[in-house]
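Take a look at the structure set out below.
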Amino acid sequence: MKKGTKLGLGFASLLLGAMVLSGCTNSFCSSKDKAHILYAMDYGVCAYYDSEEAAMAADSQGVVGQVEGLNNVWYSANITNCITLNGLYTGAVKSSIRVPTLKYYIELDNVVLKHAIEADGIAASEVTAAKITGDNQDDVGILIRHGYLKYYSYNDELKDSKKLWENYSIYNHEVRMSGKVGVDECPTNDYFNYYQNQIKSKIGGYRSCLATKQGFYGNYGDYKNGRTAEIEKKDWGYAWKRVGFLSGLLVYPIGWLIDTFTAGFRGTGVYQGWAQLLAILFVTLIVRTLMLLVTFKQTTASSKMQELQPEIAKIQAKYPNSNTNQYEKQRLAQETQALYKKHKINPFTSILVMFVQFPIFICVWGAMQGSAELSSGKFLGLNLSTSISQVLTTWSNWKDPTSGVWTALALFLIMAIAQTVAMLLPQWLAKAKKKKIAKLGKNPAQKENDNKMKWFTYIMLIMIIIMGFSLVSALGVYWLVGALFSIAQTLITHAIMNRKPKNRTSKK
């Protein structure tokens, strides 16, 4: 291949990669979704009860009081009630930023609750603590339904992206103007900027908003005590218009398959977590089968190239100085090309396979990161939307058998082993076949090329294992199933290609 051609293909690959990454990894989260996620992370400092005695019994260290305007509702307020807020509060103190007082947080919670009750349309006399927080999972409370208004404004004059954080500023201003909290007790601009930047970075890691049905999904905030958030339904039109071309073409259909399979398995009585796991299994098999059908001709050509290794070795033995002698180099290239032409093989088919596989792989990645269903599933204690690295590097998890740490470790090790076998198996089979061939003279140029290909394979393998460690656990499952599929495909293809010469011989 000419140097200019190599550079052209390299540039085209980089351009394609940039387009695919930007088109397949865009977030499906709307501003309203983000507001719900924000409230799931920062739901305030107040816990609500039906009596003063219940509030005091629940938290003897907290501040207890009656909610203004609600005769039957009491609160117990403590900064530690909200893990995310407590973490931000502690971080601000360490950064020497003046933090607001607990009194301010209580008043902000009262303002949020007041607006949530107004949005719900329920009379103040009918409000109880149970109706605020919800009696159970099936009875969603007022704050769970409308607490997101703490961040999201329905102002029609604002663009969707500008509606986020609008109400947070308005509610803070309302607290300041109430006269119930002193100026020195309110947040400074430094704290407000710190809070906003920190919590934005936290929700930036959550991309699981691809939902084909509106509902409560996810595990937001603390890993062990995360809360769900309501995610809007997304249709195919939303994917095309709001997210991107490749998201509409590939990411959304894959996400739809995940949702459909998960719902189907749950409908047959399969438990949450196992349903998501089976959905990943089926989606992986469908995607890999379709990829195999699309690239079957190219895959077969690559297998034929492996079968021609004995003849290629003979040609290489004829020109042992091809790495230094220009004439031998040209003759080697000509005879090798003639051999490929005789057997109707295009040596560039492997590159074409990569051009097809790479965008699909990235789109599957985007779909599994974006799937709201996968963000809700736990398999043997492991949340499928949490990265393996987060689980394994949180040292407290090793002391808690319910944290899923052993599941994460087992998944990572099995996935790494399966990926290693899948990527190196073709080389192992080719090496085993070469051992049956009579030893010929060594070709330094070919040896150098083989070493380069080995290093390329090793680098790719290391990158996949590192990505499998750092990305969400669902992708670890996808890579495991995909690796097993590749191993089976390689072995079956190898067996078929080895049978062909025998069949031809028997016919003769």
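The values are calculated or read from the model by the stated rules, or taken from the named source; none is laboratory data. Everything numeric in this text was worked out from a predicted model, so none of it was measured. Every residue, glycine as well, gets a Cβ built from its backbone with ideal geometry; the counts of neighbours run over all protein chains shown.
Some points to look at:
- Residue match in the range 257-274 (condition: within 26 Å of residue 108 (Cα to Cα) and of a type in the set (A, V, I, L, M, F, W, C)): no
- Scanning the range 66-101 for residues that are within 13 Å of residue 198 (Cβ to Cβ) and charged (D, E, K, R) returns a single hit, 94.
- Residue, surrounded by the fewest Cβ atoms within 10 Å (Cβ to Cβ), within the range 264-281, restricted to residues that are free of Cβ contacts under 8 Å to residues at least 40 places away in the same chain, part of a helix (DSSP H, G or I) and not basic (Lys, Arg): 267
- Pick from the range 131-166, criterion under 13 Å from residue 39 (Cα atoms) and assigned to a loop (DSSP other than H, G, I, E, B), ranking: modelled with the lowest pLDDT: 165
- Taken over the range 282-293, the criterion of being surrounded by fewer than 17 Cβ atoms within 10 Å (Cβ to Cβ) and either within 19 Å of the chain's Cα centre (by Cα) or among the hydrophobic types (A, V, I, L, M, F, W, C) (or both) is satisfied by 285, 286, 290, 292, 293.
- Residues of the range 167-183 that turn out to be part of a helix (DSSP H, G or I), without any contact (Cβ under 8 Å) to a residue 12 or more places away in the chain and either among the hydroxyl-bearing types (Ser, Thr, Tyr) or loosely packed, with under 13 Cβ neighbours inside 10 Å (or both), as a count: 4
- Selection count, the range 347-380, where residues are part of a loop (DSSP other than H, G, I, E, B) and modelled with pLDDT of 85 or more: 3
- Subset tally (residues that are part of a helix (DSSP H, G or I), in contact with a Leu (Cβ under 9 Å, 6 or more places away or on another chain) and not small (Gly, Ala, Ser)) for the range 381-420: 14
- With respect to the conditions (1) over 30 Å from residue 211 (Cα atoms); (2) part of a helix (DSSP H, G or I); (3) at pLDDT below 90, residue 22 lacks only one, and its number is (1).
- Filtering the range 76-102 to residues that are crowded, with 18+ Cβ neighbours inside 10 Å, in contact with a helix residue (DSSP H, G or I) (Cβ under 7 Å, 6 or more places away or on another chain) and polar (S, T, N, Q) leaves 76, 84.
- Some residue of the range 386-405 being over 18 Å from the mean Cα position of the chain (by Cα) and modelled with pLDDT under 80: yes
- Residues satisfying the stated conditions in the range 219-245, i.e. under 22 Å from residue 282 (Cβ atoms) and buried (at least 16 other Cβ atoms within 10 Å of the Cβ): 234, 239
- Selection count where residues are out of contact with any strand residue (DSSP E or B) (no Cβ under 6 Å at 6 or more places or on another chain) and surrounded by 15 or more Cβ atoms within 10 Å (Cβ to Cβ), scope the range 379-413: 18
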